[in-house]
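Data first, discussion second: the structure below is written as structure tokens.
Every number in this text was worked out from the coordinates using simple rules, so none of it is lab data. Please read these numbers as outputs of a predicted model, since none were measured by experiment. When we count neighbours, we look across all protein chains shown, and the Cβ atoms used for this are built from the backbone with ideal geometry, even at glycine.
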Amino acid sequence: MTGKIKKTVKIDRTLSELFAGILLYGVICETVGIFFVKNKIYYTIGAWYGILLAVFMAWHMWRSLDRGLDLGEAGAPKYFARANSIRYFVVAAAYIILAILDFGSPVAAFFTILSLKAAAYLQPLTHKCFKKLFGWEDVFPPGIPDEEVVNKTDAS
């Protein structure tokens, strides 16, 4: 490797589990919904457009949380408000572009954007599957008390 710096990308385990949930829910919406529409390509484009928007939203939330938590109590609230505004503006603009240009189904995109919410509910299931599949161990095993609980018992 001469002259090039190899950059590794570290993706949080929870984010990868969230991506898996988004993909699972999106594929289910795609598979079930395609039987009820006439223009299957139009529906499919809209569905995958929504899945990509949901993946973007999950990644942006992860990145914003990762950066914002390092800012402390003074800078974090402003940073989080700005990051949320940017995320919603980008998703709304992308959705409006889809609706105006009419190259995919806005209804399918809407239902697959909701895959982010479904993936959050599916995360415990995807977590168990990923633990078995990849042999991951929990960083904080269940049963370890929160920091506040530990500090209260130490002060007593």
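Remarks
- One decimal place: the segment Glu137-Phe103 gains 7.9 nm when fully extended, by the rule 0.36 nm per residue minus the C-alpha distance.
- Peptide ranges 105-115, 81-91, 57-67 listed from the most packed, as the mean C-beta count within 10 angstrom indicates: 105-115, 57-67, 81-91
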